[in-house]
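Q: Have a look at the structure that comes next, please.
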Amino acid sequence: MEGKFREQLFFIVLCLSVLKGDTRHIEENEISPEGLFSLLNSELKREIQEDFLYSRPLRCLDMVAVEGQFTFTADRPQLNCAAFFIAEPNQVISVEYDSVDIDCRGGDFIKVFDGWVMKGEKFPSSQDHTLPLMERYVDYCDSGTVRRTVRSSQNVAMVFFRVHTAGGSFTLTVRKPINPFPCNIISQTPEGSFTMVIPQQHRNCSFSIIYPVEIKIAELSLGHLNDFPIKKILPGCVGAGDFVELLGGNGMDTSKMLPVADLCYSFNGPAQMKIGCDNTVVRMVSSGKFVNRVAFQYRLLDRQELQRIKGNSVEDFCFNG
């Protein structure tokens, strides 16, 4: 029951974020309370035998957390649809086109996006993704049979689609291959633990938790020998080359979020902080010279803790505006 509640809470946050957003792909979706609860009551996760391929219809606004085969069939023109796909932190998303019956020349499309888009903001941000923004979109109508399978770079992906004619349809098979070095992750739950490792690669990796949470850093190894306590915003660690920052904000794009704390020296924790934002991020910046590692735990803040943070003039930036 606890796991089901977490999934429902996650999907409520997701749907509310989408519904109050202005992204052009999904702004015209009209979700009734009945429709929302229908989505929440659907089985987002289930135990599936390895020799059985789970299948179900795909909705115009949907979230998929399981492997399987998903078929969308338009019963009327559906012009602004989006399906969110999410896997475990150590997995990526593989989307394969099994069959497609849409009118590309008539304006229909199916686009796989490498990441998520919410309220017009993208995760991972352009600063943290290895591909240019336009290469993160793969349009079936442009690639056709040349690229039947699209694989994400992290544990989330999206499919935008538009079908003008009733009866237009497509079927996708979604699988979740293992990713040995996860980078740029969205957590499915408001509590848990994770260890992020960047093995001498010049890249930035974020772990995003779409909840207000308490973060507890248990260990930080940045290739340095000196121990140093957590450092607040100033003077910061930007010149260090290798560092971890805690970010807070109400959007998805880490480049638009506010820094709460910088950590640029190795230490054995714990160091902890409460962040009362819609989105909390642990972001590691790596120069590629070292094997960098950060281990942390996180838990959902209760209502009383949120009220105390809201009343704190130092840490209430997420409640303004």
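Q: With respect to the cross-link table entries K111/K289; K111/K216; K122/K274; K122/K176; K216/K256; K111/K274, which display a Cα-Cα separation exceeding 28 Å? Don't jump to the answer; show the numbers that get you there.
A: Numbers: K111/K289 37 Å; K111/K216 38 Å; K122/K274 24 Å; K122/K176 21 Å; K216/K256 23 Å; K111/K274 37 Å.
Exceeds cut-off: K111/K289; K111/K216; K111/K274.
Q: With only alpha-carbon atoms counted, please give the Rg and Dmax of the stretch 253-306, in Å.
A: Calculated on Cα positions, Rg and Dmax stand at 13.3, 43 Å.
Q: May I ask you to work out the translational diffusion coefficient for the stretch 63-207 at 25 °C, viscosity 0.890 mPa s, via Stokes-Einstein with Rh from the Kirkwood sum over Cα pairs, reported in whole µm²/s?
A: It diffuses with D of about 153 µm²/s by this estimate.
Q: Let me ask something else about it. What do you get for Rg/Rh of the stretch 130-171 when both radii come from the Cα atoms and Rh is the Kirkwood radius?
A: Rg divided by Rh gives 0.99.
Q: So if we plug the beta-carbon distance of F109 and S255 into 1/(1 + (r/R0)^6) with R0 = 25 Å, what FRET efficiency do we get, rounded to 0.05?
A: 0.35
Read-outs throughout are calculated quantities, based only on the coordinates presented, and are distinct from any laboratory measurement. Small disclaimer: the values here were computed from a predicted structure and weren't measured. When we count neighbours, we look across all protein chains shown, and the Cβ atoms used for this are built from the backbone with ideal geometry, even at glycine.
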